[in-house]
Ligand code: ADP
Ligand code: MG
C-alpha cells in the first residue's frame, strides 16, 4: 500500500506547490492524476519518489516512510532521459549495475524483450525514434522490478498513434508484475484508458478536487458512449478546478482537448 498523508510542499522561493494531499493507492492499482499545468503534479510525483522532501506530511510505502529514491519505486519522465554515450542495453542496465553480472544481463534482456527492443540492445539512443526511446525509458524503470511505477506525462511528447500504441503497451507491461502505477497526464482520454481511479487536481496551491472511479469495462474503448460520458464529466471537473482559480476565463480552449 502506498499512502500519501497530509502532504504539503513549499519551495525555497516561498511558492506553495501542494497543500494537504491525502491519497491511498492500493497495490496493483493504476491511479491517474489530471490537472492543468502548474497545479503541482510533477511536484507530487517527485515527493512520492523521494527525490524531493515534503514540507509537511509523509509518503509511506508498505509501512516504511519514503525519504529518498529507491529501487522499489521506478520513475518515467516526459522525456526519455537516456544517456547518449551509453548503448540502449547499458542505459537500461544502469540502475541495476550493483547486481551480479549474470542477474543484471538476464534482467536487462527480459526488460528489453518486454518493451520490444531486443533487436536494438546495442543501438545508441540517437538511433531510436521518440516512441522507441520512451520504450527504453520504460525498460529502464522496470528493470529494477519496482512495486511502484511513477509516470510523469510519459507519452505527451509523442504523436497520437505512437501514444495510443504505448498506452496499450503500458497495460501489457503492467500485467506481468502488476506494479502500483501513478500516472500523471494532462490527457483525460489517456487517464480514462488506463486508470482504475482518476484524481483531478486543483491549482493554487495544488490540491485534490475529486477522485473518480470510472465504472468502465476493460479493455477501455474510446468510442464507447460511457467512455464519452466519463470524459465529459472529468472535463467538467477540470474546468471547475480552473474556474474557481481564474473566474471569467475559459479553462481549456477546445483545441487543447
Ligand atoms: P505541474 O507538473 O502540474 O505542471 P509542477 O509540480 O511542475 O506542476 O509545479 C507546480 C508549481 O510549483 C508551479 O507553479 C511551478 O512553477 C512551481 N515550481 C516547480 N518546481 C519549482 C522549484 N524547484 N522551485 C520553485 N517553484 C517550483
Ligand atoms: Mg509537470
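I'd like the full set of residues that are assigned to a loop (DSSP other than H, G, I, E, B), within 6 Å of ligand 1 (Cβ to nearest atom) and surrounded by fewer than 22 Cβ atoms within 10 Å (Cβ to Cβ), limited to segment 28-50.
Correct list: 37, 38.
Just the residues that are within 16 Å of ligand 2 (Cβ to nearest atom) and touching a strand residue (DSSP E or B) at 6+ places or on another chain (Cβ under 7 Å), please, taken from segment 9-25. I'd like the intermediate steps shown before the answer.
The initial filter retains those residues of segment 9-25 that are within 16 Å of ligand 2 (Cβ to nearest atom), namely 9, 11, 15, 17-18, 21.
Result: 9, 11, 17, 18, 21.
Identify all residues within segment 26-78 that are over 14 Å from residue 182 (Cβ atoms), in contact with a helix residue (DSSP H, G or I) (Cβ under 7 Å, 6 or more places away or on another chain) and within 12 Å of ligand 2 (Cβ to nearest atom); write none if there are none.
36
Considering only residues that are away from ligand 1 (no atom under 15 Å from the Cβ) and crowded, with 18+ Cβ neighbours inside 10 Å, look in segment 7-27 and name the one that is nearest to residue 205 (Cα to Cα).
The qualifying residue nearest to residue 205 (Cα to Cα) is 23.
Would you mention how many residues in segment 80-96 are exposed (fewer than 14 other Cβ atoms within 10 Å of the Cβ) and modelled with pLDDT under 95?
Adding up the residues that qualify gives 0.
One residue is enough: does segment 211-222 have a residue meeting the conditions within 16 Å of ligand 1 (Cβ to nearest atom) and either surrounded by 15 or more Cβ atoms within 10 Å (Cβ to Cβ) or under 19 Å from residue 76 (Cβ atoms) (or both)? First the steps, then the outcome.
First pass over segment 211-222, keeping only residues within 16 Å of ligand 1 (Cβ to nearest atom): none.
There is no residue in segment 211-222 that is within 16 Å of ligand 1 (Cβ to nearest atom) and either surrounded by 15 or more Cβ atoms within 10 Å (Cβ to Cβ) or under 19 Å from residue 76 (Cβ atoms) (or both).
Can you go through 151, 171, 138, 161 and tell me which one is at pLDDT 95 or above, out of contact with any helix residue (DSSP H, G or I) (no Cβ under 6 Å at 6 or more places or on another chain) and farther than 28 Å from residue 18 by Cα? Talk me through it step by step, then tell me what you get.
On the way: 151 fails: farther than 28 Å from residue 18 by Cα; 138 fails: farther than 28 Å from residue 18 by Cα; 161 fails: at pLDDT 95 or above.
Among 151, 171, 138, 161, only 171 is at pLDDT 95 or above, out of contact with any helix residue (DSSP H, G or I) (no Cβ under 6 Å at 6 or more places or on another chain) and farther than 28 Å from residue 18 by Cα.
So is residue 72 at pLDDT below 95 and surrounded by 14 or more Cβ atoms within 10 Å (Cβ to Cβ) or not? Reasoning before the result, please.
Numbers: at pLDDT below 95: yes; surrounded by 14 or more Cβ atoms within 10 Å (Cβ to Cβ): yes.
Yes, satisfied.
For residue 228, are the conditions met, namely being surrounded by fewer than 22 Cβ atoms within 10 Å (Cβ to Cβ), over 20 Å from residue 157 (Cα atoms) and more than 19 Å from the chain's Cα centre (by Cα)? Please lay out each step first, then the result.
Numbers: surrounded by fewer than 22 Cβ atoms within 10 Å (Cβ to Cβ): yes; over 20 Å from residue 157 (Cα atoms): yes; more than 19 Å from the chain's Cα centre (by Cα): yes.
So residue 228 fits the description; yes.
Can you find a residue that is within 26 Å of residue 134 (Cβ to Cβ), more than 16 Å from ligand 1 (Cβ to nearest atom) and at pLDDT 95 or above anywhere in segment 53-62? Steps first, please.
Going through segment 53-62, the residues within 26 Å of residue 134 (Cβ to Cβ) turn out to be 59, 61.
Subset that is more than 16 Å from ligand 1 (Cβ to nearest atom): 61.
Among the residues that remain, those that are also at pLDDT 95 or above are: 61.
The answer is yes, given that some residue of segment 53-62 is within 26 Å of residue 134 (Cβ to Cβ), more than 16 Å from ligand 1 (Cβ to nearest atom) and at pLDDT 95 or above.
The values are calculated or read from the model by the stated rules, or taken from the named source; none is laboratory data. The structure displayed is predicted, hence computed values, not measured ones. Virtual Cβ from ideal backbone geometry, glycine too; neighbours counted across all protein chains shown.
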